[in-house]
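First the structure, in the form of structure tokens, and then the observations on it.
The values are calculated or read from the model by the stated rules, or taken from the named source; none is laboratory data. These numbers come from a predicted model, not from an experiment. Quick reminder, even Gly has a Cβ in these numbers, built from the backbone with ideal geometry, and neighbours come from all protein chains shown. In case anyone asks, the SASA skips ligands and DNA or RNA and just uses the protein heavy atoms, side chains included. Shrake-Rupley method; radii C 1.70, N 1.55, O 1.52, S 1.80 Å.
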Amino acid sequence: MSFDLAVWFESGRVSVADATRTYERLCDGDLTGAGVVANEAVAAFRRELTDRFPAPSATADDDARTEASPWAAGLDVSAAHVIMPMSWSRADDTAPEVVALAGRHGLVCLDPQAQVLHRPPAQRGADGLSLRPCVGLKVEDADPEVIDRAVRRLSAENWFLILERRSGHFLQVGHGPNAGLATDGFAVEHREGSMEHHYRCVLSGRDEVAALCADYAAGASTWSVDARWAGLF
């Protein structure tokens, strides 16, 4: 098993569901059905990628090159796409660099494990909302369904997430004892501006947490959950 990322060019913003279908067809070798087209940005991405992360050596003599490579197998490439199978042990270090590199070349990057689509800067919303999970990659301009899945995946090991705007305002969720709770609940904090506007509430239901996160992501002026917020400062 490997940790995979897939990169290709999209002329406009696409949904995670559409990107997942494209990825599945690429994995089947159906470039026509995938609807991807050759683009020089893909070739430029691949050149920079392989300069930064070389392929494993084909000979047993070059052990250093093989050890340096993060790839678990050969790259799946065409003029229109690159699919990168990397070793799980190298994913934490390599994947963020791949996502950033794709963004610099104006390409989308799909993480099929988490069902997350990383969009290039030109395709992101002006709001600048980012999702930072405890486990996994930071997602710029996260879709509502991606945020909801992140809430559903909170656990003892994957115990927090942060939604943050470019302004520095944020909403964060902590789960269980790691968040200072004696029970298996959720501590939610949000801050809008100065420290005097930093608030916290405790919720017991995951659906309530998901609703608060959806409200925050949508920029709602009121909360849809009757939470008891208390100032922290």
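Rounded, prolate or oblate: which fits the range 105-233 when a ≥ b ≥ c are the square roots of the eigenvalues of the alpha-carbon gyration tensor, with rounded for a/c under 1.5 and prolate only if a/b beats b/c? Oblate is the answer for the range 105-233, as a/c is 1.5 or above yet b/c matches or exceeds a/b. Could you identify which residue out of Pro85, Pro121, Pro56 has the top mean-square fluctuation in a GNM of the chain using Cα springs shorter than 10 Å? It is Pro56. Considering only Leu171, Ser194, Ala6, the residue lying farthest towards the positive end of the dipole of the chain is Ser194, judged by Cα position with unit charges set on Cβ.
What Kirkwood Rh does the chain have if only Cα atoms enter the pairwise 1/r average? Answer in Å. About 19.4 Å for the chain. Of the residues Cys134, Cys213, Cys27, ranked by 1.4 Å probe accessible area with the largest first, the sequence reads Cys27, Cys134, Cys213.
Rolling a 1.4 angstrom probe over the protein heavy atoms, how many square angstrom per residue are accessible across the range 81-186?
Here the residues of the range 81-186 average 43 Å² of exposed surface.
Taking square-rooted eigenvalues a ≥ b ≥ c of the alpha carbon gyration tensor, is the range 181-229 rounded, prolate or oblate, where a/c under 1.5 means rounded and, failing that, a/b exceeding b/c means prolate? Oblate is the answer for the range 181-229, as a/c is 1.5 or above yet b/c matches or exceeds a/b. Helix content alone sets the calculated 222 nm mean residue ellipticity of the chain: runs of n ≥ 4 DSSP H residues at -39500 (n - 2.57) each, divided across all residues, give -9500 deg cm²/dmol. Neighbours of Trp229, meaning other residues whose beta-carbon lies under 11 angstrom from its beta-carbon, give a summed charge of 0 when Lys and Arg score +1 and Asp and Glu score -1. Looking at the chain as a GNM with Cα springs under 10 Å, which of Asp184, Asp143, Asp28 has the largest mean-square fluctuation? Highest fluctuation among the options: Asp28. Placing dummy labels 7 Å off each Cα toward the beta-carbon, the span from Ala230 to Ala17 is 4.2 nm. The three principal axes of the C-alpha atoms in the range 105-175 carry coordinate ranges of 36, 29, 17 Å, sorted with the longest axis first. Overall, the accessible surface of the chain at a probe of 1.4 angstrom is composed of carbon and sulfur to the extent of 51 percent. Comparing Ala68, Ala41, Ala214 in a Gaussian network model of the chain (Cα springs below 10 Å), the most mobile by mean-square fluctuation is Ala68. Going by alpha carbons, how many degrees (0 to 90, nearest 10) lie between the helix axis of 88-104 and the longest principal axis of the chain? The angle comes out near 90 degrees. Taking all protein chains together and rolling a 1.4 Å probe, Ser69 ends up with roughly 10 Å² accessible.
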